[in-house]
Amino acid sequence: MSSSRLKMEAALNNLASRLHLDSLTLNDRNECYLMFDQQFHVRCSFKEDTDECVLYSSVGRVRKGSVDAYTKILSDNFFWVGTAGSKLLLEPLEGDEDNLALCEHVPMSMFDEERLYERMEDFVNAVEYWTTEYPKLQQGGASSSPSSTGSSSGTSSDSASYSAPENMGMFQA
């Protein structure tokens with residue numbers, strides 16, 4: 001077992017402890033799934049080939065060709081201002097909508113137990129923001145962007161659970 005995987009597992013155990021969960025373990029695909037506030041799904045993956053931790057969440061659907069939505073997505077992706085350090089991406093789907101997802105890559109060389117907790121908190125805040133913003137994108141409006149500190153849902157101990165959602169999108173981080 002690689003030292004990076006051991007570091008990832010230690011960070012997941014620390015995260016589980018801080019969230020008052022029994023444990024968080026990587027499955028046979030080097031992934032674990034979390035759900036916050038019974039609605040925000042996050043996939044946390046260890047990528048051995050690129051030696052990184054990847055956080056991923058599908059946050060909604062965007063109508064194809066929606067200039068207002070694409071403008072907001074690009075604007076908030078610029079220097080990660082509206083994404084708390086993560087990246088927004090559009091995944092092509094059949095039909096008239098694309099999947100809007102949030103993704104963050106954290107190199108294992110910059111990774112430790114505290115870093116996972118901090119990145120998870122910021123990531124969940126961004127997921128919460130975009131999950132509520134994407135319906136507004138469909139209607140042509142959006143509000144201010146999330147901050148990278150301070151949390152409305154965050155990683156509070158009573159709001160997290162360990163759960164694999166039905167569909168985490170087609171993206172394979």
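Other residues within the sphere of radius under 14 Å centred on the Cβ of VAL62, judged by their own Cβ, net out at -2 (K and R +1, D and E -1).
Look at the dipole of segment 16-147 built from charges on Cβ: of THR71, MET120, HIS20, the Cα furthest out on the positive end belongs to THR71.
Here the Karplus relation 6.51 cos²θ - 1.76 cosθ + 1.60, evaluated at θ = phi - 60°, turns the backbone of segment 116-125 into coupling constants of 4, 4, 5, 5, 5, 4, 5, 5, 5, 4 Hz, with x for every Gly and Pro. Modelled this way, with points 7 Å down the Cα-to-C-beta line, the labels at LYS87 and GLU118 are 2.2 nm from one another.
For segment 24-81, state which chymotrypsin sites (Phe, Trp or Tyr not before Pro) are in a DSSP loop and have at most 15 other beta carbons lying within 10 Å of their beta carbon. If you can, show how the numbers build up before the last one.
Numbers: sites: TYR33, PHE36, PHE40, PHE46, TYR56, TYR70, PHE78, PHE79, TRP80; in loops: none.
Passing sites in segment 24-81 do not exist.
Surface composition of segment 29-93: carbon plus sulfur atoms hold 57% of the accessible area, using a 1.4 angstrom probe and ignoring ligands, DNA and RNA.
Would you mind working out the accessible area per residue for segment 40-123, using a 1.4 Å probe, and quoting it in Å²?
Values: 3780 Å² over 84 residues.
That works out to 45 Å² per residue.
The mean sequence separation of alpha-carbon pairs under 8 Å and at least six residues apart, normalised by the residue count of segment 70-130, gives a relative contact order of 29 percent.
Could you order peptides 123-130, 107-114 by the average number of other Cβ atoms within 10 Å of their residues, highest first?
123-130, 107-114
For the pair THR50 and GLU97 in one chain, pulling the backbone fully straight at 0.36 nm per residue adds 13.9 nm over the alpha carbon distance.
The values are calculated or read from the model by the stated rules, or taken from the named source; none is laboratory data. It should be emphasised that the depicted structure is a prediction, and the values quoted were computed from it without experimental measurement. For neighbour counting, all protein chains shown are included, and Cβ atoms are generated from backbone atoms with ideal geometry for every residue, glycine included. Keep in mind that these areas ignore ligands, DNA and RNA; they rest on the heavy atoms of the full protein, side chains included. Shrake-Rupley method; radii C 1.70, N 1.55, O 1.52, S 1.80 Å.
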